[in-house]
Amino acid sequence: MNKKEKILVTGAAGQIGSELTPLLRERYGNIQVIASDIKTDIPSDLKDSGPFEHLDVLSNERLFEVVKKHRITLIFHMSAILSASGEQNPQHAWKVNIEGTRNILEISKDSEVKKLFIPSSIAAFGPSTPREDTPQETILRPNTVYGITKVAGELLSNYYVARYKLDVRGCRYPGIISHKTLPGGGTTDYAVAIFYEAVRKKTYTCFVNKETMLPMMYMPDCLKATLDLMDANFKKLQHHADFNVAGMSFKVHELAREIKKHIPDFTISYEPDYRQKIADTWPRTIDDSAARQEWGWEPEYDLSSMTEDMLKELRRRHQESGL
Ligand code: SER
């Protein structure tokens with residue numbers, strides 16, 4: 001990505017957007033990076049550090065206006081409805097994830113936008129996908145509306161690459177663990193909530209059972225994967241919007257044991273709800289060799305280094321101002 005890019009981030013106040021936007025501003029300059037979100041309650045650090053546009057990705061006119069006004073050349077499309085929220089309101093998830101993504105692609109095709117990042121997810125897989133070392137090329141038959149929209153998003157993005165020569169890239173994010181902004185409405189949210197509750201109350205009731213094992217990634221690795229993929233040489237890419245990327249995989253009781261090393265009196269109990277069924281259809285571990293070969297992907301954090309850092313950051317914040 002070159003320094004002159006004008007970058008739009010959708011969903012900039014979300015879990016990933018709220019950390020990606022400052023990083024992009026650091027790299028490209030504050031005024032080069034336009035943060036946007038449908039939310040109106042935007043943290044001041046995001047709003048004051050550079051341009052902000054209130055934007056609903058379902059509004060084509062508004063999207064067009066923002067892209068034209070700022071002469072956007074590159075988009076990180078981070079707004080989406082996640083898996084658990086999607087099951088609560090499938091129509092809304094379909095609209096935001098499918099129509100929103102199509103709007104972004106269409107406007108890009110008809111403007112100065114040359115390159116986009118459109119994330120997919122491990123939710124693109126389903127109950128008939130091999131769950132261990134899930135291959136890059138495999139069965140994509142998800143049974144959540146979120147997963148269905150992610151498969152469609154991958155296919156549509158790849159279509160725009162082939163048909164319109166737009167440079168669209170994306171990876172299948174695992175559950176993302178972070179301490180700045182809470183995720184909203186995902187099945188993997190327990191892997192974040194457990195840390196907040198461990199620091200706040202030393203106890204956590206988990207909504208999936210202790211044996212549940214899902215692929216996860218710490219935010220610094222998520223940001224690294226995103227930017228490394230965007231920086232990769234297009235000619236070297238055989239895949240585009242559907243890269244498997246792995247960070248770490250652990251069972252919930254293994255995560256609890258790791259937390260106990262730092263907070264010995266931490267306790268956990270389990271009350272699985274509807275999200276268990278979603279988790280049971282997703283991979284346990286991921287084969288990300290295509291990402292490693294095509295753009296040199298390599299994660300830095302494992303369960304122990306992620307846990308140590310999460311607890312350090314959350315304890316600091318808890319002492320300073322509460323969580
Ligand atoms: N973290 C997401 C979810 O749980 C998966 O992409 O919905």
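Here are some notes:
- Applying the condition of being hydroxyl-bearing (Ser, Thr, Tyr) and either touching a strand residue (DSSP E or B) at 6+ places or on another chain (Cβ under 6 Å) or under 14 Å from Leu166 (Cβ atoms) (or both) to region 73-90 and asking which residue is nearest to the ligand (Cβ to nearest atom) yields Ser79.
- Looking across Ile72, Ile31, Ile107, Ile122, one residue alone is under 23 Å from Tyr173 (Cα atoms) and modelled with pLDDT of 95 or more. It is Ile122.
- Any hit, region 173-196, residues being open to solvent by less than 20 Å² (accessible area, probe 1.4 Å), within 12 Å of the ligand (Cβ to nearest atom), over 30 Å from Glu320 (Cα atoms) and assigned to a helix (DSSP H, G or I): no
- Residues that are more than 17 Å from Ala162 (Cα to Cα) and either modelled with pLDDT under 95 or open to solvent by 50 Å² or more (accessible area, probe 1.4 Å) (or both) within region 229-243 comprise just one, Asp231.
- Only a single item in (1) under 17 Å from Asp309 (Cα atoms); (2) out of contact with any Pro (no Cβ under 6 Å at 6 or more places or on another chain) is not met by Met213, and it is number (1).
- Selected residue (criterion: most open to solvent (accessible area, probe 1.4 Å)) from residues of region 162-172 that are away from the ligand (no atom under 16 Å from the Cβ) and under 20 Å from Val245 (Cβ atoms): Asp167
- Residue check: Leu116 meets all listed conditions (1) within 19 Å of Gly186 (Cα to Cα); (2) buried (at least 23 other Cβ atoms within 10 Å of the Cβ); (3) touching a Ser or Thr at 6+ places or on another chain (Cβ under 9 Å) but one, namely (1).
- None of Ala84, Ala35, Ala80, Ala93 is assigned to a loop (DSSP other than H, G, I, E, B) and surrounded by 21 or more Cβ atoms within 10 Å (Cβ to Cβ) except Ala80.
- Restricting region 128-147 to residues that are among the β-branched types (Val, Ile, Thr) and within 13 Å of the ligand (Cβ to nearest atom), the residue that is nearest to Thr187 (Cα to Cα) is Thr144.
- Entry remark, region 264-298: residues being of a type in the set (Gly, Ala, Ser) and touching a strand residue (DSSP E or B) at 6+ places or on another chain (Cβ under 7 Å) number 4 in total.
- Unmet requirement for Pro127, which otherwise passes all of (1) assigned to a loop (DSSP other than H, G, I, E, B); (2) in contact (Cβ under 8 Å) with a residue 60 or more places away in the chain; (3) buried (at least 16 other Cβ atoms within 10 Å of the Cβ): (3)
- So Ala241, is it within 21 Å of Phe125 (Cα to Cα) and either of a type in the set (A, V, I, L, M, F, W, C) or away from the ligand (no atom under 14 Å from the Cβ) (or both): yes
- Test for Ile104: is it under 21 Å from Leu20 (Cα atoms) and either part of a helix (DSSP H, G or I) or within 16 Å of the ligand (Cβ to nearest atom) (or both): yes
- In this structure, Tyr159 does not qualify as in contact (Cβ under 8 Å) with a residue 60 or more places away in the chain and either away from the ligand (no atom under 13 Å from the Cβ) or surrounded by fewer than 18 Cβ atoms within 10 Å (Cβ to Cβ) (or both).
- Under the condition of being over 20 Å from the mean Cα position of the chain (by Cα) and of a type in the set (D, E, K, R), the residues counted in region 169-224 number 6.
- A Cβ distance below 6 Å, combined with a sequence gap of six or more or placement on separate chains, defines the contacts here; from region 168-187, residues that are of a type outside the set (A, V, I, L, M) and at pLDDT below 95 reach residues that are open to solvent by less than 20 Å² (accessible area, probe 1.4 Å) and within 11 Å of the ligand (Cβ to nearest atom) in the pairs Pro183/Val192.
The values are calculated or read from the model by the stated rules, or taken from the named source; none is laboratory data. Because the structure is predicted, anything quoted here is derived from the model rather than measured. Heads up, the Cβs are rebuilt from the backbone with ideal geometry, glycines too, and the neighbour counts pull from every protein chain shown. Accessible surface is based on the protein model in full, side chains and every heavy atom, while ligands, DNA and RNA are left aside. Shrake-Rupley method; radii C 1.70, N 1.55, O 1.52, S 1.80 Å.
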